[in-house]
Structure formats: structure tokens, C-alpha cells
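For reference, the structure is listed below as C-alpha cells.
The values are calculated or read from the model by the stated rules, or taken from the named source; none is laboratory data. None of the values given here were measured: they were computed from a predicted structure. Cβ coordinates were reconstructed from backbone atoms using ideal geometry, including for glycine residues, and neighbour counts include every protein chain displayed. For the accessible areas, the whole protein counts, side chains as well, though only heavy atoms, and no ligand, DNA or RNA atoms are used. Shrake-Rupley method; radii C 1.70, N 1.55, O 1.52, S 1.80 Å.
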Amino acid sequence: MKAIILDCVSKGIPTMTISSLAVRQAAQRLRLPNGLTLLLAQNPTVDIVAARLFFPAGSYVESPEKAGLASLVASVLTKGTSSRDSQAIASCVESLGAAIGVDSSADYFEVSLKSLAEDLPQVLALVAEILRDPIFPEAEVWREQQLMLQAIRSQQERPFSVAYDQLRQILYDNHPYAFSHLGKASSLGSLTRQDLQTYHAQHLRPDSLIMAVVGPLPADQLAELIASHLGSWISAPPARPPARPPALPPRPQGSLCTTGQTTQQSTVMLGYRGCAVGDPDYAPLKVLATYLGSGLSSRLFVELREKRGLAYEVSAFFATRRDPAPFVAYLGTAADNTQTALAGLQAELDRLHQHPLSPSEVAVCQRKVLGQYALSKQTNAQIAQMLGWYEVLQLGMEFDQTYPSLVKAVTPQSLHRVAQTYLTDPVISLVGPESALAEVSVTY
């Protein structure tokens, strides 16, 4: 295994420097013969090994008719193998004081693990069994479907979720980004055990797996240990190539969507379609979102909540996605203030088109972005998450070093340009009492 690592280095495959609480080590990338990509970093100061296993799947590979499938697979994956049922799997994990989790997001499917270094062989053996030999018991599939359907019904009662769902539908049409990771009640209820088995065979494969591991063991020792459990995993070729998601529809022009709810409050949301994570405009849009809605000193919080008392909550966010991501500004307000709050939120976004940020405002936002970014990489688990996430988004783990430099390069001019490019003609999504929504007028 040392020879494999040395071969990667000799061929110029890049390494990178990562930071933990008190250590900097070189992370190494190598590939096992079965196609599994390893990202390995040593942190000898902590006796905890953390790993993140990423597959380029998630809801990104779902059709609208199968929306929610990835999340259902994630919920059932640990519920049984040919040799252990769900209770036996849970007992094994708990007896080791370890943690194993499975999750699905818009752009990837993820398995996480954490354990003491001395217990890693046993934990890896269990993870390998779960990945290679899940049986998706019918009873467990049905049970998790019911829980997810209940979660969907619960979402439909939350104004923010309703507003965001209807906004995404207009922004993305039939693209997977249009739907919650839980899917829709109509699609989720029709999924079968066979659908889960097909998803597993097509997408949870060693030749697409990216495994980021950070812990006290040397990289060559980690690689040899992982190879002993996952190196012999060979998947049969999929019955058919994975379908690509539908092309993004044209960027929508300004539109209004509303949903009436019996409540005393209104949720007001403006949405735009931004750019993909690999686009040069990604960092400027991240800085703009931070300026608008990150923290108690953000523009929206100060102007709309503190000065005008229009919002009980207010924020903005720009997601990190493989394809162009949503840029959203929103607030929650008293029903009587719906029209005034909408006008105020629109005015703050329009202001970015007319008045570039000052150099001092940009500097404050840059420090805030970089500080939050540094705080997100303090533990082995956080570092493994970051390395694997960038790799599965096809940026490479080196983006961890590139991103801060991109943020530092942002200027008032670049922020002004992206505001004029992306933050125009919003999709407006409103949820609140029918009487309040009936009085709303919109100007674009």
C-alpha cells in the first residue's frame, strides 16, 4: 500500500495542507484497484478516526417520479444485511462506542463513521457489510416510508418550508433541485423495495466512492486497513447507465406564488437562481449572501428588524451545489406587515444594483466568511467532510485551499456585477393568511 501512495505522489497527484486544532499534515489522494478513491490525512493529536464516504448520487440522480428515493435508501440502508438485522447492527455500533450514519442530499449520498482508532477495523468491517450486502427488508422500507410521509406532512405545516418549496418549483421546474430531499408524498408512497435495490446497484458502487478519512493512523496504515475491507468490493456493471437530470429550464423572469395558511404571520421570500460551485461568481455570491443575512450585523437584520421592526426572523443564504444554486432572502413578519415587509426586502435587494458596497463593508464580509469557514474545520469529522465534499462536487480536495483566496479576491466591483447579473427579477414566494396575501401588490 505504501507503493500505491508513493506512486500517486511520483505522478504528481496533488497533496494539500489541512488544519486541525493543533496539527497540519499532508492529505493524500490514492485510488484502489476497484476504483475507490481515498483521501487520507493524519492527525496524531486525537485518538478518534472520522470518515466520510461520498457517492455522487443523492436526489441529483432521481427522476421526478422517484423523488425521495435517495432519502429512503439512506433511511433503510442500515436496517439489515444477510447476516444481521437492524438491532444487531445497532448493538454492534453501540458496543464499540462508535457512530455510523447515512444521509442523502441534493448532490451526493453519504455514509459517515467515527470511532476510536483501535476499533476502526471492526467498524470498517461493519460498514463494508452494510454497503455491500444490504437487504432492504420490506417491513423496514414500509416503516421508513411512513415516517418520511409524516415528515412531509409536517413540512407542509411550516410556512418557511411551504414558501421554499413553491419557490424551488418555479426556479427549477423538473430538475431535482425543485424538490425537497424527502421527495413528494405521491412519489414516495409509490416506491418499492425493488426501487431501493436498483438505486443501490446503480449508484452505491466502489468505482464511484470517495472516502475521506482523518485520524491518528499514518496514511499507509489507513489505506491498507481500508483496502482489506473494501478493496475486494466489485460491483457488476449497472443494467443501464444512470440517467442525467433534466436540463435546467431558462432562468425564470419575475413571478409571484402564494399559499394561504391559517396563521398570524407571513413568510416573505425572494429567490433567484445563482451559479454552480465551480463558477467564478460563486465566491462573490457567497460574500453577498453573508452581507445580506449572516448574523446580527447583517444588512437585512439591521435595516428590517432592528431599525424598522418588520421581521421576527430575517436572513439570506446561497447554497453550494453542483448545478446553479438558489440564492434566497427571506423574512417572517406579522400578517399586517406583509406588503410593507415585501417592499422593504425588495428595496434592500434592489439597492445592491444601484449602490456598490464600500471597500470597508467588503472587508468586513470577507473576514466574516473566512472566520466562519475556519470554524467549520476544527475536528477530524469536519475536515473529512470538507475534503470529501469538494471531491464529490468535482472541485478536488484542493479547493479547501483555493476557496479562501477566492474570497479574498472579491472586490466592490465584482459584487456589484454579480448583483446586477443574478439578483434581478426575483421569484416571490409568500405564505400567510389569505386576507393579507390578497392585499399584496408586486412591482418588478
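Structure summary
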read-out	value
Residue check for Glu391: surrounded by fewer than 22 Cβ atoms within 10 Å (Cβ to Cβ) and either touching a Cys at 6+ places or on another chain (Cβ under 7 Å) or not hydrophobic (A, V, I, L, M, F, W, C) (or both)	no
Yes/no for Gln253 being farther than 30 Å from Met397 by Cα, at pLDDT below 95 and surrounded by 16 or more Cβ atoms within 10 Å (Cβ to Cβ)	no
Evaluation of Lys377 against (1) part of a helix (DSSP H, G or I); (2) surrounded by fewer than 22 Cβ atoms within 10 Å (Cβ to Cβ) (one fails), failing number	(1)
Matching helices (runs of 4 or more DSSP H) fully within the range 381-444 where at least 1 residues are of a type in the set (D, E, K, R), in contact (Cβ under 8 Å) with a residue 60 or more places away in the chain and touching a helix residue (DSSP H, G or I) at 6+ places or on another chain (Cβ under 9 Å)	399-408, 412-422
The range 161-186: number of residues that are at pLDDT below 95, of a type in the set (Gly, Ala, Ser) and buried (at least 18 other Cβ atoms within 10 Å of the Cβ)	3
Filter result (assigned to a strand (DSSP E or B) and open to solvent by 30 Å² or more (accessible area, probe 1.4 Å)) within the range 113-135	Lys114, Leu116
Residues located in the range 143-156, provided they are more than 21 Å from Ala316 (Cα to Cα) and touching a residue at least 12 places away in the same chain (Cβ under 8 Å)	Glu144, Gln145, Leu147, Met148, Leu149, Ala151, Ile152, Arg153
Sole residue being aliphatic (A, V, I, L, M), surrounded by fewer than 20 Cβ atoms within 10 Å (Cβ to Cβ) and either in contact with a Phe, Trp or Tyr (Cβ under 9 Å, 6 or more places away or on another chain) or farther than 30 Å from Arg31 by Cβ (or both), chosen from Ala247, Ala236	Ala247
Test set (1) open to solvent by 50 Å² or more (accessible area, probe 1.4 Å); (2) at positive phi - Thr262 fails condition number	(2)
Selection status of Glu306, more than 23 Å from Pro412 (Cβ to Cβ), of a type in the set (Asp, Glu), within 28 Å of the chain's Cα centre (by Cα) and surrounded by fewer than 17 Cβ atoms within 10 Å (Cβ to Cβ)	no
Filter result for Gly189 (surrounded by 21 or more Cβ atoms within 10 Å (Cβ to Cβ) and modelled with pLDDT under 95)	no
Residue match in the range 62-75 (condition: modelled with pLDDT of 90 or more, of a type in the set (S, T, N, Q) and buried (at least 23 other Cβ atoms within 10 Å of the Cβ))	yes
Failed condition for Arg153, given (1) at pLDDT 95 or above; (2) open to solvent by 30 Å² or more (accessible area, probe 1.4 Å)	(1)
Helices (runs of 4 or more DSSP H) wholly inside the range 136-227 that include at least 2 residues being at positive phi and in contact with an Asp or Glu (Cβ under 7 Å, 6 or more places away or on another chain)	none
Yes/no for Gly278 being open to solvent by 20 Å² or more (accessible area, probe 1.4 Å) and touching a Leu at 6+ places or on another chain (Cβ under 9 Å)	yes
Residue check for Ala212: open to solvent by 30 Å² or more (accessible area, probe 1.4 Å), among the hydrophobic types (A, V, I, L, M, F, W, C) and within 26 Å of the chain's Cα centre (by Cα)	no
Exclusive hit being modelled with pLDDT of 95 or more, in a helix (DSSP H, G or I) and of a type in the set (A, V, I, L, M), set Leu370, Leu331, Leu357	Leu370
Test set (1) surrounded by 23 or more Cβ atoms within 10 Å (Cβ to Cβ); (2) at pLDDT 95 or above; (3) farther than 21 Å from Gln197 by Cβ - Ile48 fails condition number	(1)
Some residue of the range 334-351 being surrounded by fewer than 19 Cβ atoms within 10 Å (Cβ to Cβ), part of a loop (DSSP other than H, G, I, E, B) and modelled with pLDDT of 95 or more	no
Any hit, the range 98-105, residues being in contact with a Ser or Thr (Cβ under 8 Å, 6 or more places away or on another chain), surrounded by 14 or more Cβ atoms within 10 Å (Cβ to Cβ), under 30 Å from His175 (Cβ atoms) and not small (Gly, Ala, Ser)	yes
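Here is a yes/no grid of residues against (1) touching a strand residue (DSSP E or B) at 6+ places or on another chain (Cβ under 7 Å); (2) under 23 Å from Ser63 (Cα atoms):
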residue	(1), (2)
Val111	yes, yes
Glu118	no, no
Gln122	no, no
Glu129	yes, no
Ala139	no, no
Glu144	no, yes
